[in-house]
Each structure stands twice: as C-alpha cells, then as structure tokens.
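Right, one structure below, let's go through it.
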Amino acid sequence: CECAMAPAATSVLMLPAMLVSTAALTLAPARPTAATARTATRTANAAPLMAESVVLSSEVLNRYMSLPVTGKVQAEYLWIDAVGNVRSKTRTVDAAKATLDKLPDWNYDGSSTDQAPGDDSEVIIKPRAIYKDPFRGGDNILVLTDTYTPGGTPLPTNSRAPAVERFASVEGEDPWFGLEQEYTLFNMDKVTPLGWPVGGYPGPQGPYYCGAGADRAYGRAVSEAHYKACLFAGIAISGTNAEVMPGQWEYQVGPCTGIDAADQLTVSRYILNRVCEDFNVYCTLDPKPISGDWNGAGCHTNFSTEKMRKEGGFAVIEQAIRRLGAKHTQHIAAYGEGNERRLTGAHETANINTFSYGVANRGCSIRIPRSTEADGYGYLEDRRPSSNCDPYIVTSMIFETTTKADGPELDISAANREVIA
C-alpha cells in the first residue's frame, strides 16, 4: 500500500483485557553486526522454539497498575542489540526530569547482548527521543537510546550515529520519509502463520488484501491495538491494512524528517513486539516467511526533498532515480538479509539483479506515483528494502546517494525500462 504523506493524530489506548507474557517473542529487524556495521544484513528468522507462553492474570496486574504515583515517572529505556532486536529496561526518574535534556545516560550488560566482552561489559546508552508509554499510560515514557563504549565511541552496531552524520552532510534538503512496514503473524509454534491450518495452506491469495471477515482478516486485533498504541505514543503512524498473504499486515510511518523516520520506525517495532506479547502471537519481519506462491514482506521507502516537492520537482526525482540506479548493488547489499528470496521479479517485486523504474509500476525497483507524474512534483518510492531492513541505514543511504553533488547516474530514462545492474 501507499504511505499516506500526512501526519497522524493522537489518540488514547485501551489496554487489552488479558495480559499474556511470552518467553520467546522477538522481532527480527536487520541490524549491522560488528563486521557489517554499515549494512542492514541480518540472519534470517530462525528463532528457536522456547516456552510457548506464560499466562498471567490481567485482573491481578491491574490491581497494581492502578495505584496512584506522585512525582515519579517510569522511563523505559530502549536500545538495539547485536542482532537488531529492541531490548529495554526501566528506571525511575523525577517527573520534573523526564525530558530529553534532563534524562541521564544509563548502561547495561553488553556481554549479555553480544555487544561487549565479559571483562569490560558496560555499554552506555544515551537518550535520543521520548515517546509516551502506551503500556503503562499516565506520564510514563519510552526513551529511545543509542549505544556507546564507556569512552564515548559508538558501538559498531550503532547505525544511528553514522546516519546522523549522513543527514548533516548535506544542508537545506529537508528530506521526508514515509516507511511502509510489513510484518507476518504466526502461532507460537513459529511455523503456522496466523489463521492458516496447522500443517496446511489456506486458499490462494486474492481475497486477503484489505479484506474484511473472519475467514480472511487474521490478526486484525493486533493491527488495531498497535495502531492505537502508536498514536498514543506520538508515533506518526499514518495508516494500516491487511496485506496480500493471509496473516500479513502493514502499517505506515510518516512523513517524518531525516533521522526522525528511523527513530519512529524503531519505536513502532518495539510497540508491535509488546502488543504481540499481550496477544500471545509471534511476529516476524522475515522478507519471505513462506516460500512458494505467497507475497514476501518489505519496507517500501517513500522519499522526497524540498526540491522534489516543488514545481519542477519531477526532473529532480528522475535524477535521484538515476543516482539510485548507479549504486543499485550497494543499496541491495544494505537493504536487508534474505531479500534475494523476496526480490524475484514476481509478487509485485523487481528482480534483485536488475534496476528499473516506472510510473505506478509495482514491479519496478523504484515507483513514481501517478499523482507525482500528473503534478510534476512529489516523491518516489524505493520498493527494494526488505521488512527486516535497518531503517537508519536505508533512509540515510537513500539521502546520501540522491543528494550528493555530482553523484554518478545510471543511463536510464524511459519509464519501465530495465537494465542489468
């Protein structure tokens, strides 16, 4: 689906009636390891099967959650571990200090997240953005952080720090991003997609995309709860819809400016993880969770600069596309692991080994919306990033490639024309 290019409003989240805690629920976004810090590759989702669920009473929990607290705030510090999962822990702060300029740095045991050796295990986390906590409510907050050594050097797995530098390298462009995050829900066996018969297959694709009905819209409660939780938190979530494969959904974040897009997508992924925890559902960001004649999952990235959004911007958009084409191989290498299973040229994708663009063509690497062609200005959609991509790498790389002065350009001009990369 197309990312709505308008900010989202705020709303109030109603907590689910049943609290369910799972021992093995993870999202698997692609993040750089120490050896591949500048790419978004990630080991394909092959999570071990652990205890399926631990069911706790929401009635008992609410007895404590409803207790009044004065002058104190629970701050949930979020960070990204060595394999791209968002982890968190909580600290108490004075309500008067629950602002970005007053929150303290903190630390965690990096030897338990494969980010530091045991004999020097302290990793420093620095607050970068604050959001309202949709799980505790009240004045409690989520605090997005990034990771550093005690000496102040960004960890190799900290892709946010170099992304900030990339965005700062070119001034006056005002980059906007709209990110379309697709995900797939599974039973806790991590084998059966939600709504699928165990050991079997549902009917073929066709009725599920944006469908309604108990026989085709599997997991709507997760999508709706996540939507409201993001609105409450202050995430610029702009829409959601059921996807082509049953059990697969999408939500859109944006438009957001610069580094804020990746920040918000990262927090939205954490919120999705927590919502699935409550519903006792496993969620994966694997780009091709089911092989065969089923759609994969991507993170289509809508992008524009101020020049693209003004009269005459269509020429700037086409120049940006030619620059993206000239570095197709480098972008593909950074757009997520397992993407070769998704980018086959089928199921609304371009082949991973070719670069193409076209107007309203979802089988191209880059799509120009029909409205952009009609208006003569607007934005482009890079359809190559996988669902498990690192949003810091993807957004900053698109920005750098398209705005760098005198960047190389691919000799391609005709709409829908393909060339070998």
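Things worth noting here:
- In the range 333-351, the qualifying residues are those that are surrounded by fewer than 24 Cβ atoms within 10 Å (Cβ to Cβ) and hydroxyl-bearing (S, T, Y), and the one that is farthest from Q181 (Cα to Cα) is T344.
- Test for E337: is it acidic (D, E), in contact with a His (Cβ under 9 Å, 6 or more places away or on another chain) and within 27 Å of A163 (Cα to Cα): no
- Residue count for the range 170-213, restricted to those that are over 25 Å from H300 (Cβ atoms), of a type outside the set (D, E, K, R) and in contact with a strand residue (DSSP E or B) (Cβ under 9 Å, 6 or more places away or on another chain): 3
- Residue in the range 250-260 that is under 30 Å from P197 (Cβ atoms), in contact with a Cys (Cβ under 9 Å, 6 or more places away or on another chain) and surrounded by 22 or more Cβ atoms within 10 Å (Cβ to Cβ) present: yes
- The numbered conditions (1) in contact (Cβ under 8 Å) with a residue 12 or more places away in the chain; (2) under 25 Å from the mean Cα position of the chain (by Cα); (3) in a loop (DSSP other than H, G, I, E, B) are all true for P202 except (2).
- Tabulated pairs, the range 402-421, first surrounded by 17 or more Cβ atoms within 10 Å (Cβ to Cβ) and among the small types (G, A, S), second outside any loop (DSSP other than H, G, I, E, B) and modelled with pLDDT of 50 or more, C-beta under 9 angstrom, 6+ apart or interchain: A421/G325; A421/H328; A421/T329; A421/I332; A421/T354; A421/F355
- Selected residue [farther than 18 Å from T240 by Cα, small (G, A, S) and either in contact (Cβ under 8 Å) with a residue 40 or more places away in the chain or open to solvent by 10 Å² or more (accessible area, probe 1.4 Å) (or both)] from S268, S304: S304
- In the range 153-169, the residues that are more than 16 Å from N107 (Cα to Cα) form Cβ pairs under 6 Å with partners that are open to solvent by 30 Å² or more (accessible area, probe 1.4 Å) and among the acidic types (D, E), at six or more places apart or across chains, as follows: R166/E400.
- Restricting attention to the range 211-233, the residues that are under 16 Å from Q248 (Cβ atoms) and either of a type in the set (K, R) or open to solvent by less than 20 Å² (accessible area, probe 1.4 Å) (or both) total 8.
Matching residues to (1) in contact with a strand residue (DSSP E or B) (Cβ under 8 Å, 6 or more places away or on another chain); (2) closer than 23 Å to C389 by Cα:
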position: R87; (1), (2): yes, yes
position: D94; (1), (2): yes, no
position: P104; (1), (2): yes, no
position: G110; (1), (2): yes, yes
position: Q115; (1), (2): yes, yes
position: G118; (1), (2): no, no
position: L144; (1), (2): yes, yes
position: G152; (1), (2): yes, no
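- One residue alone among D114, D139, D109, D105 is within 27 Å of S58 (Cβ to Cβ) and surrounded by fewer than 17 Cβ atoms within 10 Å (Cβ to Cβ), and that residue is D139.
- Given (1) at pLDDT 95 or above; (2) touching a Cys at 6+ places or on another chain (Cβ under 7 Å), index of the condition G358 fails: (1)
- All positions within the range 267-293 that are part of a helix (DSSP H, G or I) and over 22 Å from G336 (Cβ atoms): R274, V275, E277, D278, F279
- Residue satisfying all of: in the range 61-81; open to solvent by less than 80 Å² (accessible area, probe 1.4 Å) and modelled with pLDDT under 95; nearest to E277 (Cα to Cα) among these: L61
The values are calculated or read from the model by the stated rules, or taken from the named source; none is laboratory data. The model shown is predicted, which means the values in this text are computed figures rather than measured ones. Cβ: placed from backbone, ideal geometry, glycine included. Neighbour counts: every protein chain shown. Calculation scope for accessible area: heavy atoms of the full protein, side chains included, ligands and nucleic acids excluded. Shrake-Rupley method; radii C 1.70, N 1.55, O 1.52, S 1.80 Å.
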